[in-house]
Amino acid sequence: MTEPETNNEKIERFTSLIKSDPDNSVNYYKRGNAYRDIDQIKLALADFSKAIELNDKNALYYYVRGMLILEYGNPRKALIDLDIATILDPDALLFLSGRADALQKVGKLNKALADCNMVLKKDNKYKLVLYVRRRVYLAMGKNELAKADTELIKKLS
């Protein structure tokens with residue numbers, strides 16, 4: 001059995017693939033993931049941006065860049081990418097959850113709640129969005145509803 005490829009090995013492999021095929025957005029996306037996983041945030045963002053430049057119809061690229069931006073403290077900027085991701089693929093629960101997270105962090109609580117409820121209408125056991133909705137309820141002062149989500153999360157765990 002072979003050892004799994006390290007992130008540095010992935011970076012090396014995708015860099016080589018990019019040199020031979022610089023217009024393939026997937027290689028930038030995959031190398032960006034490897035950079036992200038070793039906390040090379042600027043390099044990851046550059047690769048995700050290049051992937052978007054090469055294929056601006058891929059919702060996943062916007063989502064991963066948006067979530068990375070959100071994680072590192074710029075929810076307003078992240079919201080732009082997460083909104084584009086949901087426009088490109090409105091049925092993706094993951095993208096709606098990410099947008100709800102960003103909306104909550106910029107204080108657009110009613111819109112965040114609407115996204116959370118849209119996800120839960122399609123999948124009432126979607127734990128990721130339950131965590132977001134719980135935070136939204138707490139920010140709204142709706143502690144009983146937040147407590148209900150906490151209980152549901154515990155049941156689903």
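Conditions (1) under 16 Å from Leu88 (Cβ atoms); (2) touching a strand residue (DSSP E or B) at 6+ places or on another chain (Cβ under 9 Å); (3) in contact (Cβ under 8 Å) with a residue 24 or more places away in the chain, marked per residue:
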residue: Pro4; (1), (2), (3): no, no, no
residue: Glu12; (1), (2), (3): no, no, no
residue: Asn55; (1), (2), (3): yes, no, yes
residue: Arg76; (1), (2), (3): no, no, yes
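Taking the options Tyr35, Tyr61, name whichever one is among the hydroxyl-bearing types (Ser, Thr, Tyr), surrounded by 21 or more Cβ atoms within 10 Å (Cβ to Cβ), closer than 23 Å to Pro4 by Cα and at pLDDT 95 or above.
That would be Tyr35, the only listed residue that is among the hydroxyl-bearing types (Ser, Thr, Tyr), surrounded by 21 or more Cβ atoms within 10 Å (Cβ to Cβ), closer than 23 Å to Pro4 by Cα and at pLDDT 95 or above.
Just the residues that are of a type outside the set (Asp, Glu), surrounded by fewer than 24 Cβ atoms within 10 Å (Cβ to Cβ) and either in contact with a Lys or Arg (Cβ under 6 Å, 6 or more places away or on another chain) or on the phi < 0 side of the Ramachandran plot (or both), please, taken from segment 65-85.
Selection gives Met67, Leu68, Ile69, Leu70, Tyr72, Asn74, Pro75, Arg76, Lys77, Leu79, Ile80, Ile84.
The values are calculated or read from the model by the stated rules, or taken from the named source; none is laboratory data. Being a predicted model, the structure only gives us computed values, none of them experimental. Cβ sites come from the backbone with ideal geometry, for glycine too, and all protein chains shown count toward neighbours.
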